[in-house]
C-alpha cells in the first residue's frame, strides 16, 4: 500500500506504530507531509516515495486541530504543514484522522484559529483582505521572534473567526484572495475519525 504519513504530535504516534509494523515485515511505502515526518520515517526505516511516482494514495493517516462532530470537517495546520497535508489528503482514497477527544467541537473555529498560508511577498495584503472577512490575522512567529516559514517557504497567518457558521463559504472567500497559497479548512475530505477518549476509542464515519 501507499500510505500518506501525517504531521504533528498525534500523527507521529501513528508513524511510530507503522515503523514497528515495517520492522515486522509490513510492506508499504510512505509519502510524508512534512520534512519532520520524512526524517522520522527514515529513522524508522519506512520506505518513502513521491507523488510523482504514486499520484494516488491508498490511505492517509493524519491528525487535526479541530474536528466538527456533525460533518467531520477539520481545521488543520497547527504544525505548519497544511499545504502538503491537503495535497496528500486530496490524493488519497481514504483519509483517516486520529485525535484525542479535546479536538472534537460543535462548530469549527470554537477553539482553534484557521491557519492561512500566504506568499511572503504579499502577506500584508493577504492580512488586510482577511480582516475584511471579520477576523484578526496574526503572523505566526518562531520562539525567537522571527517569521515562521513552512517547508515551502511561505508565511502563516492564524485567523481567529470564532465559531464558523458556513465553512464552505468562508473557504471560497479565502481561496479568492490573491497571495493565499492554502488554508487549513479541510472540508468534505475525511473518511473516518478515530478518537482517543477517557471512555475508550470512539469512531466516527461519514
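What follows draws every value from the coordinates through simple rules; no lab data is involved. As the structure is a prediction and not an experimental result, all values here were calculated from the model. Methodologically, a virtual Cβ is constructed for each residue, glycine included, from the backbone with ideal geometry; neighbour enumeration extends over all protein chains shown.
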Provide the FRET efficiency to the nearest 0.05 for the residue 93-residue 119 pair, computing r from the beta carbons and using R0 = 41 Å.
0.85
Considering only DSSP beta bridges where both residues belong to the chain, give the percentage that are antiparallel (nearest 5).
55 percent
Please give the Cα centre distance for the stretch 10-28 versus the stretch 67-102, rounded to the nearest Å.
19 Å
At a 10 Å Cβ-Cβ cut-off, how would you order 13, 121, fewest neighbours first?
121, 13
Report the calculated FRET efficiency for residue 168 and residue 144 (r = Cβ-Cβ distance, R0 = 45 Å), to the nearest 0.05.
0.75
For the residues 168, 99, what sequence is obtained by ranking on other C-beta atoms within 10 Å, fewest first?
168, 99
For semi-axes √(5λ) of the Cα gyration tensor in Å, which listed value, (1) 28, 20, 15; (2) 58, 30, 16; (3) 26, 20, 19, comes from the coordinates shown?
(1)
Taking the Cα-to-Cβ direction at residue 52 and at residue 100 and moving 7 Å from each Cα, how far apart do the two end points lie in nm?
4.0 nm
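How large is the Rg to Rh ratio of the stretch 114-183 when both quantities use alpha carbon positions and Rh follows Kirkwood?
With Rh from the inverse mean 1/r over Cα pairs, Rg/Rh is 0.96.
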Note: residue 17 to residue 39 extended length (0.36 nm per residue) minus current alpha-carbon separation gives 6.4 nm
Note down the relative contact order for the chain as a percent, whole number, built from C-alpha pairs under 8 angstrom at least six residues apart.
22 percent
Residue 69 and residue 194 label points (each 7 Å along its Cα→Cβ direction) are spaced in nm at 2.2 nm
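If each residue's Cβ is checked for other Cβ atoms within 10 Å, how do 26, 185 rank with the fewest at the top? Let's see the in-between values first.
Numbers: 26 13, 185 27.
Ranking 26, 185 by Cβ neighbours within 10 Å, fewest first, gives 26, 185.
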Average Cα contact separation per residue, the stretch 114-183, under 8 Å, 6 or more apart, as relative contact order %
48 percent
Gaussian network model of the chain, Cα within-10 Å springs - most flexible of 145, 196, 70
145
